[in-house]
Each structure stands twice: as structure tokens, then as C-alpha cells.
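J.: My questions will all concern the structure given below.
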Number of protein chains: 2
Amino acid sequence: MNPLDFKIDAKSGEARAGVLTTRRGRIETPVFMPVGTAGTVKGIRFEALESELDANIILGNTYHLWLRPGIDVIKAAGGLHRFMGWNGALLTDSGGFQVWSLGALRKITEEGTEFRSHLDGSLRFLSPEVSMEVQAALGSDIVMVFDECAPGEASHEETERSMNLTARWAKRSKDAFDRLQTEGGDTGQIESEGLSGAQALFGIVQGAGHLDLRRNSLEQTVNIGFDGYAIGGLSVGEEKSLMFEVIEDIAPRMPRDVPRYLMGVGTPEDLIEAVARGVDMFDCVLPTRNGRTGQAFTSRGKLNVKNAQWMNDTRPLDESCGCSVCRRHSRAYLRHLYTSGEMLASILLTHHNLAFFLDTMRGVRQAIRSGDFPKFRREFTERLDANGE
Amino acid sequence: MNPLDFKIDAKSGEARAGVLTTRRGRIETPVFMPVGTAGTVKGIRFEALESELDANIILGNTYHLWLRPGIDVIKAAGGLHRFMGWNGALLTDSGGFQVWSLGALRKITEEGTEFRSHLDGSLRFLSPEVSMEVQAALGSDIVMVFDECAPGEASHEETERSMNLTARWAKRSKDAFDRLQTEGGDTGQIESEGLSGAQALFGIVQGAGHLDLRRNSLEQTVNIGFDGYAIGGLSVGEEKSLMFEVIEDIAPRMPRDVPRYLMGVGTPEDLIEAVARGVDMFDCVLPTRNGRTGQAFTSRGKLNVKNAQWMNDTRPLDESCGCSVCRRHSRAYLRHLYTSGEMLASILLTHHNLAFFLDTMRGVRQAIRSGDFPKFRREFTERLDANGE
């Protein structure tokens, strides 16, 4: 039995709508996963995520949780779901991207990555084996292999070296993962009808902006064999046109019967464009992070809530939005909260932004299923940038 | 017709349980009012206040709202209720306490108080007439007279001078308030069955710790005539025994058929002790402010969520509490959120603390009505301080 069940029920060009069933329930795809870095999706309560927003899967960061509160605490609580109080599905990244982002603070060898904790400067070591062990202890429903990310501007040679390292780490990740599943390392294991109840493991395609390396990476990753495949190393500073070139080339070559996950991307329009190229899953900090800095995503484009022009504006952030923030609060009020440094500004903007991202994906799924995706995509793009900012 | 209807339906010694009906609905007393300083009860959404927490009245601060966003913005929105998106009742203080708290930044004369804004240093002037005008524009359901607060350690002479100034300001507040009601200055005016639909005005008894001055202040205030009476100038640094001495002496002398409001007090045990002495209404920043600094109020006393002893504690903050935070989250998780600087720590602790205060008052009302208040009071006190902190 597999740890996941994935069925595509509608297509529109390369765009796919389907249902991904994990041991913690049913997820309609294409899906956007809110980012819950340190065991919390910043600024929002789980009740709102699971009721109004209907988010069925969120992401957790191995790097952050490993450093704090640490694996012993989460194990003692019975895994990350129980520790947080979240009953939906959880995907955890491998920590590879975070340690790579540390720059000068880390040293990458064949064995793994040595780095200094950004919290206390202590020396730590992360490898495929350690990452799998940590993710098993977290008990996430979808585990990511430990990978290395090449910088967007890396040469072909440097990227190839990095991509091949990622492939070798992918194999070690798979071996360590399989051993841990056999040994019962997965704290999140639950009975689930029709599924194995075990964790799922996704491979990651690297290769920066070099299409030949991307294809090579995909081939090596598929040869190892995973429950799903991700495109990593995009949206890390490269041109947006290059990002879409890679997605357009790689996504349709990825296995058709398992989920395709584009890591760390992007704006609502990025999501729609990637869906059009065959991607099923997304995560991004934009809705939560920008919510905390006063930026709202709306159907008319971005809206900076602190602008003086909203001082007496009684309209909601987005007149087309039916979320609980837009039903109750005006731009004038949100501007007041933000300029007064009130926490409620972050809470409300985060809620609205997540609602907007998740509603957009609901719209995408409906459009694919009703055959209107090309129209949806065109109209969505046309409406943007009408906020007059 | 009156702006308020107040009916006491049960007594236990001096303790009273009743129903206060404002133009925005029914409030069971004794009642605790969460503090919504700048148009937001910090860290909590109105949805939670009105549904799970069942808070029917909150407090707004005239001083803060007057300075930011300013009266023009709130008037343009149609009053504070509409500006915030809050449909329950609102009580606003007069700004007297805030400008008094500015210390060296303000100058008090017979006419009013000149001060520099803590936001931009601009010179401002607040008087009974200005305060009434601002509170009419806010459209709060209960307005407080503009008063002066004497320091806890003030001499008899100094306190007497201050108390008499408060009495003259109370008369000027009443005159200005009546004029504004006639002129339609109240932006919150609504149709309400059996009530006038106008704002209500409460007087404030001052006199620091001097009982003769407190009694004199009460007499002067009652002679002017208000819709309710508050005890001000307590919990400003004086000994707690002195505070209860004043409440015990003054509360039972206050008019029996209108609400008695103790301003800015206090801990859950303070509320119960003041109820036992005849007080009906309370407001305090403790549940919200302490929530943001990691302190939880529980039936077993205060709990500092950052303590290492909770690292692996899977119990809720308060095992006797049925709030949505205690139903879902452990001390270990809340400690992790707080030590990681996560906003959700403040959100969840604020929610629990408010739930605890409001539940306590629900318990107080039930106990008074069932005749068990002395037992409730005794048992509540006995349970405290069992958290081992």
C-alpha cells in the first residue's frame, strides 16, 4: 500500500485538478500550503485555518524545529501534529534550503552540511540521514529529501556538481527514510483507510536555470523513485522568465500520476502560471510575511495598507473577497491599526492574504473542472494592478 | 426615557447580580470589560470576543483615539462602532487618567489640561467640553466625565483641591454632554426599544485614600446626577488594603439603582473582592497586557509560560478551563511559541486570559444568583497559588 493516493479528475492543457489523499485526509489540488515555520503559521490560529480558510495541509520547517524547541520536546509530545495541536496534513522541508541560505555560516561536504545555529552559534551538522531522522520524529505526512540548492547565478559546472550531490543525497535520504519507516521512527504514523499509514517521501529536482541539468536531475531522481516530485531552487533570485522556462520544460516531464510540487513559489499570478504548466502543490511565505508588513493581496493587485489614501476609505481590502476580514473591516480601520503598530493589523492582513491565496486556488480548481481555466487565467491577470498603486 | 436600564435580580450581602441594558444590548453584571485602547482589544479578533468569549461591552480610550486616528477619521466612518466593526456596547473613558499619567508633559489648570502628545509632541488641550465632544463623536454607549486623578500618596489638602476640581469638571462635563445630546453630536445614536437611544454619562468619585474626601466627592457627584457612578483613582500605586478600604466604604453608599463601576481594577481575585463590596462593572488591561508578556491567569494562580518547567508539559494552561486555547494547546507548545518570539503566543495567551476573566465573572453571577457566592469566593481564593511558581 502507498502512503498517498493521488487522482487527477480534470485537465486543461497541462493544468491538472485532482485529489491527494494523505493519512490525515483529503486535499484538493492544485493546493497552496501555508507556511508554519516554527510550529505556527505566523499570526493565525489553527481554528481559522481549518474552518473558514479550509487549509488541509501546512508546511513545517525542519531546520527551525530541530533547533527550537528541538526534537526531544516534539518527540515527548508525540510528534509535531500533537505538539502544535494541528490535525490536518503536514509537509516538512528537509532543512537543506535553510542551511544553504546561511551562506558563510555553513560548510558543505559530501557527508552533509556543517553550520552554526542562527540562534546560539552552536556547531550543528545536517545530512540526509539526520534530516530523515528529524522528519521521522516530527512525524510529518510528507517528508522532503535533503538537497543542496545552487545559486541562481551559478555556472553550469558548479550547478552540475551541486545537482549531482543532490542526487547522491536523495539516494541516501531514501535509504535512511526506508530504514526509519521499518524501524518505526515515524511519530505521526496513524491508521488510514486504503493507505499504508506511513510517511511519504518526495524527491527534489535541482539544476538552477540550466535545462539540461534540470532534465538530468529529474531523471536521476525518478530513477531512485519517490511518492512525489518537487522542483526546488527556483524563486531564489533568478529572472521570473527563467523560472517559468524551467517549470514549462520540467513539469510536463515529471511523472504524471504523482504530485508535482513547486517549492517556495509565489504570488497568486505565479501560482496560476505554474498550474498552467502542470504543477499541483505550492508553498510560500508571501501571504503571511507580507501580511505582517502591511501588504494585502487582492483581486486588483497588491495594496499597501499604510498608504494615506486609505485614511477615510470605508471599503474592504478587496470588494470581491468574502473573507471574515473583508466582511467586517475597512481599509481605513486596517490602516489605523497598522500605523498604530497594533498586532491586530498583522492578524487581519495575514488572515485576508491566506484567504485570498486559498480562494484563488479554489477558483483555479473549479475553473479546471468546469473547463474555464484559460478564461479564469486571462481574467485574473487582467484584473490585477487596478488598485491604483 | 433613560439611556440605560439596570435591574438587580439577586443579592448576596453587598454583592449584586443584574442586567444592564444599553442601546446595544443586554449585559449581565457584574461584568468585566476588555480594554480596547486604540480601537482594538490587543491581540484578539472581535469574532472571538463576541462568540466564544461572549463579551458584550468593551472599553475604548478617548485619549488614544483622539490623537490617532483622530476624530475626523472616526466621524467619517460613522462613529467608533462602525470604524472598528464592533456591534456590542462601548464605554469610553474621558482621557483624564491618560493625560494625568503623562506627568511632567502636562499642565493642569481650572480650564483643563494642556499636554504634549506622546506620539508627535504636538501641544494639545483636553477639557470637560473637549472630552465630551470627542466622546460624542466616538458615539460610545457609555461616556465618562472628565476628571482629575490625585496621586495615591497625595496629602489631604492636595487631594481635596483635586477632588473639588473633579467635581467642577463633572458639572461642566454634564452641561456639555447634555448640549451635545440635544444637538445630535452622538454618532452612535440608534433606535433601541425602551431606551432613549442616547449616550449615557457616568460620574467619577475621586479622593484617593481619604475616606472623608471620597464621601464628599460621592455626594457632589450624585448631586449633579448621572446614569451610573464610577470609583476612579484606585490601583494607582496605593496599598491594596487601602484600595479595599475605600471600596468597602464607598460602594455601599453609591446609588443602589444604577451601575457602580470600579475603574482600572484588577486581578480576578480583586474583582471578586470588589463584587463582594457591591461593585458591578470593571475594566483592566491585565488579561491582555500580561498575555503579551507571557503570563497566564489560571484557577491555580498565575503561570509564567516561559518557565523551563513547562518544556515537556502536555497539560493545558488551566486544567479547569474550557476555552479554545486550553482545549487545544499544551503549556509546552505555548512555552515554545513564547520563547521563539511567535505572535501566536500573545494571541493565545490573550485569548485564554480574557476567557478566564470573563468565565470568572460568569461564575460570580451564577454564584450570586444561586446563593453560593460566599462559597464561590472562598473556594476561588483557596485554589489560587497552587501552580508552584
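J.: Examine the range B:175-191 for a residue that is among the aliphatic types (A, V, I, L, M), open to solvent by 50 Å² or more (accessible area, probe 1.4 Å) and out of contact with any strand residue (DSSP E or B) (no Cβ under 6 Å at 6 or more places or on another chain), and state whether such a residue exists. Working first, answer last.
T.: To start, the set of residues in the range B:175-191 that are among the aliphatic types (A, V, I, L, M) comprises B:176, B:180, B:190.
With open to solvent by 50 Å² or more (accessible area, probe 1.4 Å) added as a condition, the list becomes B:190.
Adding the requirement that they be out of contact with any strand residue (DSSP E or B) (no Cβ under 6 Å at 6 or more places or on another chain) leaves B:190.
There is at least one residue in the range B:175-191 that is among the aliphatic types (A, V, I, L, M), open to solvent by 50 Å² or more (accessible area, probe 1.4 Å) and out of contact with any strand residue (DSSP E or B) (no Cβ under 6 Å at 6 or more places or on another chain).
J.: Taking residue B:320 as meeting all but one of (1) under 24 Å from the mean Cα position of the chain (by Cα); (2) under 24 Å from residue B:50 (Cα atoms), write down the number of the exception.
T.: The single condition residue B:320 does not satisfy is (1).
J.: Is it fair to say residue A:94 is surrounded by 16 or more Cβ atoms within 10 Å (Cβ to Cβ) and within 22 Å of residue B:340 (Cβ to Cβ)?
T.: Details: surrounded by 16 or more Cβ atoms within 10 Å (Cβ to Cβ): yes; within 22 Å of residue B:340 (Cβ to Cβ): yes.
It is true that residue A:94 is surrounded by 16 or more Cβ atoms within 10 Å (Cβ to Cβ) and within 22 Å of residue B:340 (Cβ to Cβ).
J.: Considering B:103, B:112, B:78, which residue is over 20 Å from residue B:266 (Cβ atoms), at pLDDT 95 or above and either surrounded by fewer than 20 Cβ atoms within 10 Å (Cβ to Cβ) or among the acidic types (Asp, Glu) (or both)?
T.: Exactly one of B:103, B:112, B:78 is over 20 Å from residue B:266 (Cβ atoms), at pLDDT 95 or above and either surrounded by fewer than 20 Cβ atoms within 10 Å (Cβ to Cβ) or among the acidic types (Asp, Glu) (or both), namely B:78.
J.: Okay, next question. Can you tell me which residues in the range B:116-139 are out of contact with any helix residue (DSSP H, G or I) (no Cβ under 8 Å at 6 or more places or on another chain) and open to solvent by 70 Å² or more (accessible area, probe 1.4 Å)?
T.: B:120, B:123, B:125
J.: Let me ask something additional. Residues in the range B:269-289: is at least one within 13 Å of another protein chain (Cβ to nearest Cβ) and either at negative phi or among the aromatic types (Phe, Trp, Tyr) (or both)?
T.: Within the range B:269-289, one or more residues are within 13 Å of another protein chain (Cβ to nearest Cβ) and either at negative phi or among the aromatic types (Phe, Trp, Tyr) (or both).
J.: To continue, here is another question. How many residues are crowded, with 20+ Cβ neighbours inside 10 Å and either without any contact (Cβ under 8 Å) to a residue 40 or more places away in the chain or within 9 Å of chain B (Cβ to nearest Cβ) (or both) if we restrict to the range A:311-331?
T.: 8
J.: Residue B:293 fails exactly one of the following numbered conditions: (1) within 12 Å of chain A (Cβ to nearest Cβ); (2) open to solvent by 20 Å² or more (accessible area, probe 1.4 Å). What is the number of that condition?
T.: (1)
J.: Next question, about the same structure. Restricting to the range A:39-60, and then to whatever is open to solvent by 10 Å² or more (accessible area, probe 1.4 Å) and either more than 23 Å from residue B:349 (Cβ to Cβ) or more than 9 Å from chain B (Cβ to nearest Cβ) (or both), can you tell me which residue is nearest to the chain's Cα centre (by Cα)?
T.: Filtering the range A:39-60 for residues that are open to solvent by 10 Å² or more (accessible area, probe 1.4 Å) and either more than 23 Å from residue B:349 (Cβ to Cβ) or more than 9 Å from chain B (Cβ to nearest Cβ) (or both), the one nearest to the chain's Cα centre (by Cα) comes out as A:56.
J.: Among the residues in the range A:148-156, are any touching a strand residue (DSSP E or B) at 6+ places or on another chain (Cβ under 7 Å), open to solvent by 20 Å² or more (accessible area, probe 1.4 Å) and either without any contact (Cβ under 8 Å) to a residue 24 or more places away in the chain or not acidic (Asp, Glu) (or both)?
T.: no
J.: Moving on to the next point. Going by what's in this entry, would residue B:386 be described as within 14 Å of another protein chain (Cβ to nearest Cβ) and over 21 Å from residue A:42 (Cα atoms)?
T.: Numbers: within 14 Å of another protein chain (Cβ to nearest Cβ): no; over 21 Å from residue A:42 (Cα atoms): yes.
No, not satisfied.
J.: Of (1) at pLDDT 95 or above; (2) among the aromatic types (Phe, Trp, Tyr); (3) touching a Leu at 6+ places or on another chain (Cβ under 8 Å), residue A:83 satisfies all except one. Which?
T.: (3)
J.: Follow-up. Kindly indicate which of B:208, B:230, B:200 is of a type in the set (A, V, I, L, M, F, W, C) and touching a helix residue (DSSP H, G or I) at 6+ places or on another chain (Cβ under 6 Å).
T.: Sole residue among the options that is of a type in the set (A, V, I, L, M, F, W, C) and touching a helix residue (DSSP H, G or I) at 6+ places or on another chain (Cβ under 6 Å): B:208.
J.: Could you grab me the full set of residues in the range B:235-287 that are assigned to a loop (DSSP other than H, G, I, E, B) and open to solvent by less than 10 Å² (accessible area, probe 1.4 Å)?
T.: Hits for the range B:235-287 are B:254, B:259, B:265, B:266, B:278, B:279, B:280.
J.: Follow-up. Sort out which residues of the range A:243-264 are among the hydrophobic types (A, V, I, L, M, F, W, C), without any contact (Cβ under 8 Å) to a residue 40 or more places away in the chain and more than 24 Å from residue A:199 (Cβ to Cβ), and write them in order of number. I'd like the intermediate steps shown before the answer.
T.: Residues of the range A:243-264 that are among the hydrophobic types (A, V, I, L, M, F, W, C), as a first pass: A:243-244, A:246-247, A:250-251, A:254, A:258, A:262-263.
Adding the requirement that they be without any contact (Cβ under 8 Å) to a residue 40 or more places away in the chain leaves A:243-244, A:246-247, A:262.
The answer is A:243, A:244, A:246, A:247.
J.: Regarding residue A:88, is this residue at pLDDT 95 or above, open to solvent by less than 50 Å² (accessible area, probe 1.4 Å) and more than 11 Å from every other protein chain (Cβ to nearest Cβ)?
T.: Judged against the criteria, residue A:88 is a match.
J.: How many residues does the range B:192-228 hold that are closer than 13 Å to residue B:4 by Cα and either assigned to a loop (DSSP other than H, G, I, E, B) or open to solvent by 40 Å² or more (accessible area, probe 1.4 Å) (or both)?
T.: 10
J.: Let me spell it out: the conditions are (1) over 23 Å from the mean Cα position of the chain (by Cα); (2) under 24 Å from residue B:3 (Cα atoms), and residue B:155 meets all of them except one. Which number is the exception?
T.: Of the numbered conditions (1) over 23 Å from the mean Cα position of the chain (by Cα); (2) under 24 Å from residue B:3 (Cα atoms), the odd one out for residue B:155 is (2).
J.: Sticking with this structure for a sec: Name the helices (runs of 4 or more DSSP H) wholly inside the range B:1-107 in which the number of residues that are more than 29 Å from residue A:292 (Cα to Cα) and not hydrophobic (A, V, I, L, M, F, W, C) is 1 or more. Show your work before the answer.
T.: Numbers: elements: B:46-50, B:62-67, B:71-77, B:80-84, B:96-101.
Here the list reads B:96-101.
J.: Quick one: count up the residues across the range B:339-367 that are under 21 Å from the mean Cα position of the chain (by Cα) and open to solvent by less than 60 Å² (accessible area, probe 1.4 Å).
T.: Qualifying residue count for the region: 17.
The values are calculated or read from the model by the stated rules, or taken from the named source; none is laboratory data. The model shown is predicted, which means the values in this text are computed figures rather than measured ones. Here Cβ is always computed from backbone atoms with ideal geometry, including for glycine, and neighbour counts include all displayed protein chains. Side chains are part of the model used for accessible areas, which takes the heavy atoms of the whole protein and leaves out ligands, DNA and RNA. Shrake-Rupley method; radii C 1.70, N 1.55, O 1.52, S 1.80 Å.
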